[in-house]
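For reference, the structure discussed in these notes is given below.
The values are calculated or read from the model by the stated rules, or taken from the named source; none is laboratory data. Note that the structure is predicted; figures quoted are calculated from it, not measured. When we count neighbours, we look across all protein chains shown, and the Cβ atoms used for this are built from the backbone with ideal geometry, even at glycine. For accessibility, only protein heavy atoms count, side chains too; no ligands or nucleic acids. Shrake-Rupley method; radii C 1.70, N 1.55, O 1.52, S 1.80 Å.
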Amino acid sequence: MKKPIVVAMVLLLTLTILGCAGAVTEPETGSQEIAFDFDVLTQKLAEATYQDSELGEQPLFGDINVMDESAVNDYLQIDTTDFEEMYCARHSDETKASLVLVIKPKEGAEDNVKSIMHTFLDMYAAQYSTYFPPSVKMIEDCYTINKGDYIIYTISDDNQAVINAINQSKK
């Protein structure tokens, strides 16, 4: 009885690792300075929609929940010590794993931030595998992109819509 559960958990963990390890990463923009207006990003994410096959057009984030650094530390259990700047938005519905993280690592901390996020994504998928399994696929399809000094992680029903919102929020 325990063996099938262990095998299923190992398979889920492997799929999660492969899902984000193979995430699409756009080329870095080098020394080009990029800045984001996070108020504009929140507005664009709140306006974004996706097409559900059964329900039609749906809000991508519902009543968007923007999390400050202490909420990211406490609720998501992400160590933000190496973050110079960050923005985090979640879907208002807890059964949805939708999440956007825009992180500017402190100088020299990029590899550590990537490691922290890799660990977080594994934990996040494990949580949803027992809590709300349909959201696990969304986490496995995590989209990672570098823009300037920022690393952006997006987990949503329409990652391209999130990237469009992020692009529209550049200062």
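A few points about this structure:
- HIS91 being open to solvent by 60 Å² or more (accessible area, probe 1.4 Å), in contact (Cβ under 8 Å) with a residue 24 or more places away in the chain and closer than 16 Å to ILE155 by Cα: no
- Looking only at the stretch 31-80, residues that are surrounded by fewer than 11 Cβ atoms within 10 Å (Cβ to Cβ), under 27 Å from SER115 (Cα atoms) and in contact with a helix residue (DSSP H, G or I) (Cβ under 9 Å, 6 or more places away or on another chain) come to 0 in all.
- On the stretch given as the stretch 125-153, residues that are free of Cβ contacts under 8 Å to residues at least 60 places away in the same chain and either among the acidic types (Asp, Glu) or within 22 Å of LYS106 (Cα to Cα) (or both) total 3.
- Every listed requirement among (1) open to solvent by 60 Å² or more (accessible area, probe 1.4 Å); (2) part of a strand (DSSP E or B); (3) modelled with pLDDT of 95 or more is met by LYS114 save one, (2).
- Yes/no for VAL102 being at pLDDT below 95 and within 13 Å of the chain's Cα centre (by Cα): no
- Meets criteria (modelled with pLDDT of 95 or more and under 15 Å from ASN146 (Cα atoms)) for MET86: yes
- Test for VAL136: is it at pLDDT 95 or above and hydrophobic (A, V, I, L, M, F, W, C): no
- No other residue among ASP157, ASP122 is open to solvent by 10 Å² or more (accessible area, probe 1.4 Å) and either without any contact (Cβ under 8 Å) to a residue 24 or more places away in the chain or in contact with a strand residue (DSSP E or B) (Cβ under 9 Å, 6 or more places away or on another chain) (or both) apart from ASP157.
- Among the residues making up the stretch 99-111, those that are open to solvent by 30 Å² or more (accessible area, probe 1.4 Å) and in a loop (DSSP other than H, G, I, E, B) are LYS106, GLU107, GLY108.
- The requirement of being closer than 18 Å to ILE64 by Cβ, polar (S, T, N, Q) and either open to solvent by less than 30 Å² (accessible area, probe 1.4 Å) or in a loop (DSSP other than H, G, I, E, B) (or both) is fulfilled nowhere in the stretch 139-148; no residue meets it.
- For the stretch 73-98, filtered to residues that are in contact with a Leu (Cβ under 8 Å, 6 or more places away or on another chain) and assigned to a strand (DSSP E or B), the residue that is farthest from ALA165 (Cα to Cα) is MET86.
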